[in-house]
Amino acid sequence: MTRNQPQLLLIPLFVGLSIWLFFWVGDLAERRCRASWDEGYSYDLMIADCTLLIQLGGRAGYPLAVVYNDRGVSYRWRRDFKQAIADARKIAQSK
């Protein structure tokens, strides 16, 4: 057993954990982006998670137009109308 062998064993573990974390973060972000304020999430958290999903390129069954819509609704409820309109324009451009 060489000195570098334990390090080589950690590489697949790190890669597998990274892949799992990537999908878990995406699922969590999708859940909170689709959520409503009544479920206990703040608008800022919902906007941040929608922004993360936009950066990830959307998810299967949750296209970018819907993510932009959900983020725009959160901006509207936060009374940030300029950002809400910007997201509505992104939806119109994507069609």
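None of the figures in this text is laboratory data; all of them are computed from the coordinates on show. Model, not experiment: these values are computed from the prediction. Using ideal geometry, Cβ is built from the backbone for each residue, glycine included, and neighbour counts are taken over all protein chains shown.
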Where a residue in segment 73-95 is farther than 14 Å from PRO63 by Cβ and in contact (Cβ under 8 Å) with a residue 24 or more places away in the chain and its partner, wherever it lies, is surrounded by 11 or more Cβ atoms within 10 Å (Cβ to Cβ) and not hydrophobic (A, V, I, L, M, F, W, C), with Cβ under 7 Å and at least six apart
SER74/TYR43; TYR75/GLN83; TYR75/ASP87; TRP77/TYR43; ARG78/TYR43
Of everything in segment 25-71 that's in a loop (DSSP other than H, G, I, E, B) and among the small types (Gly, Ala, Ser), which residue is farthest from ILE91 (Cα to Cα)?
GLY40
